[in-house]
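The values are calculated or read from the model by the stated rules, or taken from the named source; none is laboratory data. Keep in mind the model is a prediction, meaning the values are calculated, not measured. Cβ coordinates were reconstructed from backbone atoms using ideal geometry, including for glycine residues, and neighbour counts include every protein chain displayed. Surface areas here come from the heavy atoms of the whole protein model, side chains and all, with no ligands, DNA or RNA. Shrake-Rupley method; radii C 1.70, N 1.55, O 1.52, S 1.80 Å.
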Amino acid sequence: MSTSVPWLPSTMASCGHLSLMRAARIGLPFQLLSSELLPCEVRNTRGKFCRRSSAPFTAHTQVAEELTSDVRRVETEKPQLTVAKSLVKSGVGLHSGVWAEVKILPAAAGEGRYFVVRDTHGDERSDRIPAALSYVRDTTLSTWLGGPTKKGVGTVEHLLSALEGLGVDNCRIELTGGNEVPLLDGSALQWVEAIEDAGLSIALDKQGTSQSRKVLVINEPITVCHGDSFVAAFPAASSRLTYGIDFPQVPAIGRQWFTWSADDIGAYKSEVAPARTFGIFEQIKQLQAVGLIKGGTLENALVCSMETGWVNPPLRFSDEPCRHKLLDLLGDLALCAYNGHPGLPVAHIVAYKASHALHIKFGEALQQRGT
């Protein structure tokens, strides 16, 4: 891990970059950024896990109700899966800079994915925290989960993306030492490799029987938007994600689009999971000023300057920033999972210039229409 630049804005691409760039273009101060950031009075309350404010969306988010209808869970022939054996990864958290160890253990069918936060002595510091939308407490530059009391767990999106992408429906995730999932190399690749090494197995319930996976099926389009940013879902025969980004002030990034079909797990491993988080060099001091990105380095984030281009090439893909945004979207949609059933719906989901906040808002709209 590099110590020369320990403060890089690696999740600005994951969640805050669009707001920052829009603010820079129109001269807004940092505290007045749009939906990715919480209002000033609650922005720094992660430790207390106040429910994020919906105020930024009240006036501008429009759910196209005339286009929506019911969303159903449909039983499939595939059984719920879990990891075949436990696995361990450790590293520093992006925002906290604190070392933490993650241990992923098998779980029974129907238990779903959930977190338990432990202290350095192994004692539990939190109640069980399900990886579910109703437990989202903050979307400021990453996705944070928490219960009504004690500690929560932060920056969960890369790990959840890997679990959803590989089909791990049930698992217990123990976090020891800190309360933020390690950033590792800024992508989901190391999580994928660790999960593959552990292997997958059919999850059995307490009676020793398997349970079929039930997938969300969208019958009519659903759209959630904020300004010119949106996440939309359209009926389709299989699950597909398409993501678009646009950085007119950063020529090295510019406009990019990328599509991934969820039935191609191999493509997730090779074309999505390796994509690293990225940030804009000129915004570093603003993020430092509010106590963020303490664990960011040139080794776990791509950094791009508006004027001079990439600070730490080479990229793994020419459109790596866009692929990482799709990786984040999958991680956030994983929070739509329920009782060991997957979160990604059967639909073609298209996102453009979105954020963690808008991803979560879309997930909530999806669940509100579910049965």
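Taking into account only those residues within the range 89-119 that are without any contact (Cβ under 8 Å) to a residue 60 or more places away in the chain and under 20 Å from the mean Cα position of the chain (by Cα), which is nearest to ARG213 (Cα to Cα)?
TYR114
Just the residues that are touching a Lys or Arg at 6+ places or on another chain (Cβ under 8 Å) and either open to solvent by less than 20 Å² (accessible area, probe 1.4 Å) or at pLDDT below 95 (or both), please, taken from the range 264-277.
VAL272, PRO274, ALA275, listed by residue number.
So in the range 319-331, with the set limited to residues that are of a type in the set (A, V, I, L, M) and out of contact with any His (no Cβ under 8 Å at 6 or more places or on another chain), which one is surrounded by the most Cβ atoms within 10 Å (Cβ to Cβ)?
Looking at residues that are of a type in the set (A, V, I, L, M) and out of contact with any His (no Cβ under 8 Å at 6 or more places or on another chain), I get LEU330.
Among the residues of the range 245-263, which ones are part of a strand (DSSP E or B) and either open to solvent by 50 Å² or more (accessible area, probe 1.4 Å) or modelled with pLDDT under 95 (or both)?
ARG255, TRP257, THR259
Quick check on my filter: what residues within the range 269-304 are assigned to a helix (DSSP H, G or I), over 20 Å from LEU329 (Cα atoms) and touching a residue at least 24 places away in the same chain (Cβ under 8 Å)? It would help to see each step written out before you state the result.
Taking the range 269-304 and keeping what is assigned to a helix (DSSP H, G or I), we get 269-272, 281-289.
Checking which are over 20 Å from LEU329 (Cα atoms) leaves us with 281-289.
The answer is PHE281, GLU282, GLN283, ILE284, GLN286, LEU287, GLN288, ALA289.
Does any residue of the range 278-300 turn out to be of a type in the set (A, V, I, L, M) and within 18 Å of LEU344 (Cβ to Cβ)?
Of the residues in the range 278-300, the ones of a type in the set (A, V, I, L, M) are 280, 284, 287, 289-290, 292-293, 298.
This time we only want the ones that are within 18 Å of LEU344 (Cβ to Cβ), so: none.
No: the range 278-300 contains no residue that is of a type in the set (A, V, I, L, M) and within 18 Å of LEU344 (Cβ to Cβ).
Select from the range 302-319 the residues that are β-branched (Val, Ile, Thr) and either in contact with a Phe, Trp or Tyr (Cβ under 7 Å, 6 or more places away or on another chain) or over 16 Å from ILE284 (Cβ atoms) (or both) and list them in ascending order.
Within the range 302-319, VAL303, VAL311 meet the criteria.
Whether any residue in the range 224-240 is within 30 Å of VAL98 (Cβ to Cβ) and open to solvent by 20 Å² or more (accessible area, probe 1.4 Å) is what I want to check. Show your work before the answer.
So in the range 224-240, the residues within 30 Å of VAL98 (Cβ to Cβ) come out as none.
For the range 224-240, residues within 30 Å of VAL98 (Cβ to Cβ) and open to solvent by 20 Å² or more (accessible area, probe 1.4 Å): absent.
Could you list, ordered by first residue, the pairs with Cβ atoms under 8 Å in which the first is in the range 153-178 and free of Cβ contacts under 8 Å to residues at least 40 places away in the same chain and under 22 Å from THR140 (Cβ atoms) and the second is of a type in the set (Asp, Glu) and surrounded by 24 or more Cβ atoms within 10 Å (Cβ to Cβ), at least 6 apart or interchain?
Cβ pairs passing all conditions: VAL153/GLU180.
Within the range 332-360, track down each residue that is open to solvent by 30 Å² or more (accessible area, probe 1.4 Å) and either within 13 Å of the chain's Cα centre (by Cα) or within 17 Å of THR242 (Cα to Cα) (or both).
HIS348, TYR352 - these are the residues of the range 332-360 that are open to solvent by 30 Å² or more (accessible area, probe 1.4 Å) and either within 13 Å of the chain's Cα centre (by Cα) or within 17 Å of THR242 (Cα to Cα) (or both).
Testing MET306 on (1) out of contact with any helix residue (DSSP H, G or I) (no Cβ under 8 Å at 6 or more places or on another chain); (2) more than 23 Å from VAL215 (Cβ to Cβ); (3) at pLDDT 95 or above, one condition comes back false. Which one is that?
(1)
Restricting to the range 297-319, count the residues that are within 20 Å of ILE265 (Cβ to Cβ) and of a type in the set (Asp, Glu).
Let us first name the residues in the range 297-319 that are within 20 Å of ILE265 (Cβ to Cβ), namely 316-317.
Subsequent filtering for residues that are of a type in the set (Asp, Glu) retains none.
Looking only at that region, the number is 0.
Restrict the check to the range 117-124 and report whether at least one residue is in contact with a strand residue (DSSP E or B) (Cβ under 9 Å, 6 or more places away or on another chain), surrounded by 20 or more Cβ atoms within 10 Å (Cβ to Cβ) and modelled with pLDDT of 95 or more.
The answer is no; no qualifying residue exists.
Out of the residues in the range 179-208 that are without any contact (Cβ under 8 Å) to a residue 40 or more places away in the chain and in a loop (DSSP other than H, G, I, E, B), which is nearest to LEU327 (Cα to Cα)?
Top of the filtered list is GLY208.
Among what's in the range 175-218 and is of a type in the set (S, T, N, Q) and farther than 14 Å from SER86 by Cβ, pick the residue that is most open to solvent (accessible area, probe 1.4 Å).
Per the criteria, the residue is GLN207.
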